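Note sheet for the following structure.
The values are calculated or read from the model by the stated rules, or taken from the named source; none is laboratory data. Everything numeric here is computed off the predicted structure, so don't read it as measured data. Every residue, glycine among them, receives a Cβ derived from its backbone with ideal geometry; neighbour counts consider all protein chains shown. SASA here: full protein model, heavy atoms, side chains in, ligands and nucleic acids out. Shrake-Rupley method; radii C 1.70, N 1.55, O 1.52, S 1.80 Å.
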Amino acid sequence: MVVLAASILSKSGKVLVSRQFVEMTRIRIEGLLAAFPKLLGTGKQHTYFETENVRYVYQPIEALYLVLVTNKQSNILEDLETLRLLSKLVPEYSVSLDEEGIGKTAFELIFAFDEVICLGHKENVTVAQVKQYCEMESHEEKLHKLVLQSKINETKDVMKRKASEIEKSKIDKNRGDKGGFMSMGSGRIETSLSEISIPSSGSGFGSGSGFGGLINEVDSFPTKSKGRQPSSATAPPKGSGMQLGKSQKTNQFLESLKAEGELIVEDVKPKAGQAKAAIAPPTDPITLTAEEKLNVTLKRDGGMSNFDVQGTLSLQILNQEDGLIQVQIETGGNPGILFKTHPNMNKELFSNENILGLKDPNRPFPTGPAGDAAGVGLLKWRMQSADESMVPLSINCWPSVSGNETYVSIEYEASAMFDLQNVVISIPLPALREAPSIRQIDGEWRFDSRNSILEWSIVLIDNSNRSGSMEFVVPPADSSVFFPISVRFTATSTYSDLKVVNIIPLRGGAPPKFSQRTNLVTENYQVM
């Protein structure tokens, strides 16, 4: 009774993962697995077949096959039990049961197979034990990492101290070289000059000077809005000693650039709240997140070449005692949406009563920390359509050349289905030295000079501004330069209109408190 190999194949016969448990050549295992799709029959009730030398025991898992290759003397009942255990392990390690998902978790699946089968014989283990063995938590390893991190932090502190000592010695040396006639005022100016780090080599405003570096830094993110002038630099407060922030010399230089017509924007550091993720971690005991990703390709002359919506419903439970539950949902009744449950879900319960529950009612849902926003996938769906009325935002771009200038008019029209938030329309431009001339705009704009992209942003599109336009002027250019136009936005409603109606506790008692999050985001939205 020996299992020769455990493999995962696609429906087309492509080998994704294969683990051999006895000594055999690569040519032989490839030959055995290549023969599997040819021997696979259709319309048969059993899931095994035999050849002259081996037996194939298999189980379909969505678009994949889990195959055990055994010798003919092996106990088929034990092989079926092994196959059943492996089929439970595959969804535990692979989030998506397709070629990409299996490829990303190939090594984890091989390690799990090794815990189940040893030298061709099944070990007496459960799914929970296999996961525990594969985690391999080690107290010594954690202690080693803590010691290593403390050494790294200590080295960084020593490096900072040395750097400050070197900087201080340079300042003292410069003061000593100037002689004893230097006044306090000149000392303060010299300190300010050292703050903006102008190197001694090079002169003028070229790239080799400190001023050139400052110009490049200022021009790297020029941001402008409608009807708003850029704020000017403020002078430092009066007083002696070292001044924090921008120095007086730097401010004088920025003022001179402004006098020459340059656009200067303050380097505003993001607030601590903005640096964090936009989605706050859940605080309720149970959180369900319905998210849809939108992939749309529109044609520049009108029409649509692609419209695809992929949605997922994920569950996150903070407390382990709330794991024995079932989720009752309600869909919007859109006939174009195809729903598919996770392999561990009870499909009959969902199709008959719209209730999401595990096949084993005694098995709780896994729990996760508050910072883990991914959760456990329960349900996924997909919708494809050729109806242009389903598009939430359409873009029209009209470039026209007049003399030595190209006038570009862009307008958007938003559907009444959604209120769109944080809308950004990115238009590629020809290589420009200066920002384009904006003649009219509904919203705000930003020019990315490094990538030569003009970004048109609207914070919110609702019933008050379902349509809007922008007009700008650039040097003569071909109309194809302004494509493809990329769009990104978010919305708090979805095409499926999926709602969580109730949480059913299997242990009885009052239903636990839960919250639902709904989000529509763009994954790839372009006008070609």
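General observations
- Leading residue by the ranking (farthest from I102 (Cα to Cα)) among those in segment 1-15 that are open to solvent by 40 Å² or more (accessible area, probe 1.4 Å) and in contact (Cβ under 8 Å) with a residue 60 or more places away in the chain: M1
- The residues of segment 91-117 that are under 17 Å from F36 (Cβ atoms) and not charged (D, E, K, R) amount to a single one, I102.
- Restricting S402, S389 to those that are surrounded by fewer than 17 Cβ atoms within 10 Å (Cβ to Cβ), farther than 20 Å from T490 by Cα, more than 28 Å from the chain's Cα centre (by Cα) and not acidic (D, E) reduces the list to S402.
- Unique match (being in the same structural domain as L520 (by the TED database), under 19 Å from I395 (Cβ atoms) and not aromatic (F, W, Y)) among R450, R439, R433: R439
- Residue match in segment 173-185 (condition: open to solvent by 70 Å² or more (accessible area, probe 1.4 Å) and at pLDDT 80 or above): yes
- Of the strands (runs of 3 or more DSSP E) lying entirely inside segment 285-403, those carrying at least 3 residues that are without any contact (Cβ under 8 Å) to a residue 60 or more places away in the chain are 337-341, 393-402.
- Boolean, V474 is open to solvent by less than 30 Å² (accessible area, probe 1.4 Å) and within 27 Å of the chain's Cα centre (by Cα): no
- Hey, V147 aliphatic (A, V, I, L, M) and not in a helix (DSSP H, G or I) or not: no
- Checking every residue in segment 455-464 against the condition of being more than 30 Å from Q328 (Cα to Cα), open to solvent by 70 Å² or more (accessible area, probe 1.4 Å) and not in a loop (DSSP other than H, G, I, E, B) gives at least one match.
- Among the candidates T518, T490, T522, the residue that is out of contact with any helix residue (DSSP H, G or I) (no Cβ under 6 Å at 6 or more places or on another chain), surrounded by fewer than 18 Cβ atoms within 10 Å (Cβ to Cβ) and either within 30 Å of G375 (Cβ to Cβ) or not assigned by the TED database to the domain that holds L298 (or both) is uniquely T490.
- Those strands (runs of 3 or more DSSP E) lying entirely in segment 466-528 with at least 1 residues free of Cβ contacts under 8 Å to residues at least 60 places away in the same chain and closer than 28 Å to E413 by Cβ: 467-474
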